Amino acid sequence: MKKTEWFKDWFDTKYYHILYQDRNYDEAQMFMQHLISFLKLEKNSKILDLPCGRGRHSVFLSQLGYQVVGADLSENNITFAKQFESENLQFKVHDMRNPFQTKFDAIFNLFTSFGYFNDDETNIQVLQNLKDGLKENGVLVIDFMNVNFVKKSIVSEEIITKNDIDFHISREVDGNAIVKNIRFFADGREHFYTENIKFLPLETLKKYFRAVGLKLKHTFGSYLLDDFNIDNSSRLILILE
Ligand SMILES: C[S@@+](CC[C@H](N)C(=O)[O-])C[C@H]1O[C@@H](n2cnc3c(N)ncnc32)[C@H](O)[C@@H]1O
């Protein structure tokens, strides 16, 4: 497994969805409602949810009446999400390192779906692609973690049991990355996966935004859109144009 391509392997497995099966759908929908009312997005707006995972935000946004495309690198995620397709909701396999061909009124990059690449160039290329996918006056939303808060509150070792699988999780943070190692025994063998998110404080992200000409308009610290506080906020939610 190539270290830099950890995101191709782990998210595409059934085990990822077993481990995170309690992901909070109500919270995701509540966040979308707050965001939509803050952005005042018109009903027929085109929204790209990239990456969309199995489509939890995309499905809800389509139910609110938006024209939604959900895109993700994981073929398994997209195959799963396609069961929800409708007149105003489509899913596609897409690598965010490549430009998207259509333009959107809004692009949502949600739930720590940024900073997957070790090198600044690739992360900046992703931002360039997101920017290029926006119509004039389009808005980009990035829902990232507050790395300063994560560093303070990290649980270095734990075992989480789901569907009779003991997931042994270890976490570490250094100045370059937030790394989660996941080890478990299932289906007759041992598995080992890694999540490796670049350590990106707001100041570094601002440099990225400047590099591609994105303007940071608002910064929030929670799914309720509370003000961002570098010490206490768990999320770093960025509204860009
Ligand atoms: C943490 S999940 C979040 C998914 C979704 N936004 C949600 O909240 O459920 C990250 C997603 O990024 C996708 N992903 C990883 N690398 C990608 C890439 N290079 N291009 C597009 N999607 C990617 C994974 O397959 C995974 O579904």
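The values are calculated or read from the model by the stated rules, or taken from the named source; none is laboratory data. All of these numbers come straight from a predicted model, not from anything done at the bench. Virtual Cβ from ideal backbone geometry, glycine too; neighbours counted across all protein chains shown. All accessible areas refer to the heavy atoms of the entire protein, side chains included, with ligands and DNA or RNA removed. Shrake-Rupley method; radii C 1.70, N 1.55, O 1.52, S 1.80 Å.
For this structure, a couple of remarks:
- Neighbour count of at most 13 Cβ within 10 Å plus DSSP loop: longest trypsin sites (Lys or Arg not before Pro)-free window in the chain: 98-214
- Inter-site label distance for Asp95 and Asn232 at 7 Å from Cα along Cβ, in nm: 4.3
- With a simple spin-label model that places each label point 7 Å from the Cα along the Cα-to-Cβ direction, the separation between Lys162 and Glu136 comes to 4.5 nm.
- Mean residue ellipticity at 222 nm, helices only, the chain: -8500 deg cm²/dmol; runs of at least 4 DSSP H residues each add -39,500 (n - 2.57), and the sum is divided by the number of residues.
- Of Lys151/Lys198; Lys8/Lys198; Lys43/Lys135; Lys46/Lys198, those spanning more than 19 Å from alpha-carbon to alpha-carbon: Lys46/Lys198
- With R₀ set to 35 Å, the beta-carbon distance separating Leu202 from Gln83 gives a calculated FRET efficiency near 0.40.
- Remark: region 150-195 carries 62 Å² of accessible area per residue (probe radius 1.4 Å; ligands, DNA and RNA excluded).
- Between Glu241 and Asn24, the FRET efficiency from the beta-carbon distance, with R0 = 22 Å, is close to 0.15.
- With a cut-off of 10 Å between beta carbons, the residues surrounding Leu240 carry a summed charge of +2, where Lys and Arg count +1 and Asp and Glu -1.
- Summing charges over neighbours of Phe149, with a neighbour being any other residue whose Cβ is under 12 Å away from its Cβ, gives +2 when K and R count +1 and D and E count -1.
- Using only side-chain charges placed at the Cβ, +1 for Lys and Arg and -1 for Asp and Glu, the dipole size of region 132-241 relative to its Cα centre rounds to 420 debye.
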